[in-house]
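Student: Once you've had a glance at the structure underneath, I'll fire off some questions.
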Amino acid sequence: MKTKQLFLLAIFLTFSGFSFAQNIKEMYPQFGRSLEFDPKIAKQFEKAEKIVNDIEWDFSKLTEEDKRFFKQIGYDYETDEYAVWYYNSGAIGCSWYCGGWVDSISASSYLKSNRSTINYLPQNAHNETYKTAWVEGVEGYGIGEYITYHFSWNNPRITTIHIANGYVKSEQAYRENSRVKKLKMYINDKPIAILNLEDRRVVQFFGFEPIGMGKMGLSDNEHQNQDWTELEKLPDWTIKFEIIEVYPGDKYDDTAITEISFDGIDVHCFGAGTQILMSDNSLKNIELIQAGDAVKSYDFENEKLMDSKVTRLVSATHSNLLKLKFADNEIITTADHPFWTERNVWSAVNAEKANGNYFQETKVESLSVGDKIFIPGKNIFSEIIEIKNINGRQMTYTIELSESDNFIANGMLVKTEIAK
């Protein structure tokens, strides 16, 4: 291997978040959402899902009876076009999935099914539903069997891993099948942690130092001058989870994992169609911006607009975004993106994530309905009248700049962010 390639590989290992010479860590979970599903409610939402699939999501075809049923179960089809169904595990608001993705999933084995409508494939452990599961396929409890998640070298970094242990879709399925008691976790086949899971139908999550390359901790200037053609030669990387101890099932030896998902950093963006103020005072959709373009930023010291060069356009597919609505304007954004407010502070709907995952010169405060956002072109502040969740998948974008940490999106002053 050439010296330069070895250097790049060293960078990759350094910024994967771990020194592989360290001892394997014993880790214990924190707990999130309960997965003790109510069979009656589950049946109602299965009926709702069938209705919308039968009409191919064309809600103009709903009958009055269908509308009454949706009202009864609390499903607002007019605003939640892609509803978070009862068994849905997808992230709401801003998450790693703004720009993060899993390239593929593989496993050492999986249980073969005799029914055409049911399978136990490894892909079930990352399909945004708690109705399915990966089940290992060897004799006994599956000790030594594993599931592997494959990532591209430039994937956003991971800081949290969420696990739905066992076959959680029902109490019966959970108890009859075996559950994992201990998972050994590997990065690129190097063991780094033992994840101790409790025998509970609840989301269990573990926090880590950032795993993966992401922006490699570079400053904006270093990031701008980095030779990305060389970095693109870096290998893809993996996270593997190996079963090393189980809670035995009451009926079956087979060990199940319903879902493993991720959260992290290096993801912040705006919806397609967001208009960016260019240096010549024209407007350009964010998805059409290119490296080398010049946009307007705000010079706080001199209280005037200035020009700043775009170093990179970043795009991602996001499952859920927020729409901030004003009297005469709106913008689609992720929850952790800071806006400049009348309180003379940067503020984001998810301030905790903005502060925790990104370098901030001053603390980002919470943004809510009633706050007023700065409109530099008019030198006024505009009040947020509604913050609305947007369900459904869509492409999102953000830009990185060389001379400034802010730009103008849909007339509003917004901040660029540098991941920790």
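Student: At residue 291 and residue 330, where each label point lies 7 Å from the Cα along Cα→Cβ, what is the point-to-point distance in nanometres?
Tutor: According to this spin-label approximation, the distance is 3.4 nm.
Student: ³J(HN,Hα) across region 372-385 via Karplus (A = 6.51, B = -1.76, C = 1.60, θ = phi - 60°), whole Hz, x for Gly/Pro?
Tutor: 10, 9, 6, 10, x, x, 10, 6, 10, 10, 10, 7, 6, 9
Student: Then there's this: Using the Cα centre of region 238-306 as origin and beta-carbon charges of +1 (Lys, Arg) and -1 (Asp, Glu), tell me which of 248, 292, 269 is placed farthest towards the positive end of the dipole.
Tutor: Selected residue: 292.
Student: Can you pull the accessible area of residue 59 for me, 1.4 Å probe, Å² to the nearest 10?
Tutor: Number for this one is 30 Å².
Student: Sorting 363, 378, 325 by accessible area (1.4 Å probe), largest first, what list results?
Tutor: 363, 378, 325
Student: Report the extension gain between residue 150 and residue 43 in nm, rounded to one decimal, defined as 0.36 nm multiplied by the number of residues separating them, less their alpha carbon distance.
Tutor: 35.1 nm
Student: For every other residue with a beta carbon closer than 14 angstrom to the beta carbon of residue 383, add +1 if it is Lys or Arg and -1 if Asp or Glu, then tell me the sum.
Tutor: Spelling it out: positives minus negatives among the neighbours equals -1.
Student: Please report the net charge: other residues with Cβ closer than 12 Å to the Cβ of residue 279, K and R +1, D and E -1. It would help to have the intermediate numbers written out before the result.
Tutor: On the way: positive: 284, 296, 309; negative: 280, 293, 307, 403.
Local charge sum for residue 279: -1.
Student: Please state, as a whole number in µm²/s, the translational diffusion coefficient that the Stokes-Einstein equation yields for region 244-313 at 4 °C and 1.567 mPa s, with Rh defined as the Kirkwood radius across alpha carbon pairs. Please list the in-between numbers first.
Tutor: Values: Rh = 16.7 Å.
Rounded to a whole number, D works out at 78 µm²/s.
Student: For region 253-293, which whole-number percentage of the solvent-accessible area (1.4 Å probe, protein heavy atoms only) is attributable to carbon and sulfur atoms?
Tutor: 40
Student: Moving on. A 23 angstrom limit on the alpha carbon distance is what I want to check against. Which of 284/388; 40/112; 50/169; 284/309; 323/372; 131/184 exceed it?
Tutor: 284/388; 40/112; 131/184
Student: How much FRET efficiency would the formula 1/(1 + (r/R0)^6) give for residue 238 and residue 64, where r is the Cβ-Cβ distance and R0 is 41 Å, rounded to 0.05?
Tutor: Computed FRET efficiency for residue 238 and residue 64 comes out at 0.20.
Student: Once amide H atoms are placed 1.01 Å from N in the peptide plane, what residues at a sequence separation of 5 or more from residue 326, or on another chain, have their amide H within under 5 Å of its amide H?
Tutor: Distant-sequence amide H within range of residue 326: 385.
The values are calculated or read from the model by the stated rules, or taken from the named source; none is laboratory data. Because the structure is predicted, anything quoted here is derived from the model rather than measured. Methodologically, a virtual Cβ is constructed for each residue, glycine included, from the backbone with ideal geometry; neighbour enumeration extends over all protein chains shown. For the accessible areas, the whole protein counts, side chains as well, though only heavy atoms, and no ligand, DNA or RNA atoms are used. Shrake-Rupley method; radii C 1.70, N 1.55, O 1.52, S 1.80 Å.
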